[in-house]
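Undergrad: A single structure is presented below for examination.
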Amino acid sequence: MATPRLTVWIGTRKGAFAFSTKNRKTWSIDGPHFRGLEVNHVSQDPRQPQRLYAAVYSGWFGPHIHASTNGG
């Protein structure tokens, strides 16, 4: 049986980063997503695992919720 891929999303003041692994020993990084914006939360919808939500704050435009339907 194949080990499923684990992805951990980290929100920072500089954007969101996705850390992925199959064996929990070596990790790959993807990002930044929403470069230069504050990402307060990234959350997966438990009913639809490919749907992600991100709470993003911009000093110019204010807070926004972004949604992805393809896993990020």
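What follows draws every value from the coordinates through simple rules; no lab data is involved. As the structure is a computational prediction, the values presented were derived from the model and not from experiment. Methodologically, a virtual Cβ is constructed for each residue, glycine included, from the backbone with ideal geometry; neighbour enumeration extends over all protein chains shown.
Undergrad: Within the set of pairs 6 or more residues apart or between chains, which connect a residue that is over 16 Å from GLY71 (Cα atoms) inside segment 4-16 to a residue that is outside any strand (DSSP E or B) with Cβ atoms less than 7 Å apart?
TA: LYS14/GLY36; GLY15/PHE34; GLY15/ARG35; GLY15/GLY36; GLY15/LEU37
Undergrad: What strands (runs of 3 or more DSSP E) lie completely within segment 1-42 and have 2 or more residues being small (Gly, Ala, Ser) and surrounded by 14 or more Cβ atoms within 10 Å (Cβ to Cβ)?
TA: Filter on segment 1-42 gives 15-21.
Undergrad: So how many residues does segment 49-64 have that are exposed (fewer than 10 other Cβ atoms within 10 Å of the Cβ) and either part of a strand (DSSP E or B) or among the basic types (Lys, Arg) (or both)?
TA: Counting residues in segment 49-64 that are exposed (fewer than 10 other Cβ atoms within 10 Å of the Cβ) and either part of a strand (DSSP E or B) or among the basic types (Lys, Arg) (or both) gives 2.
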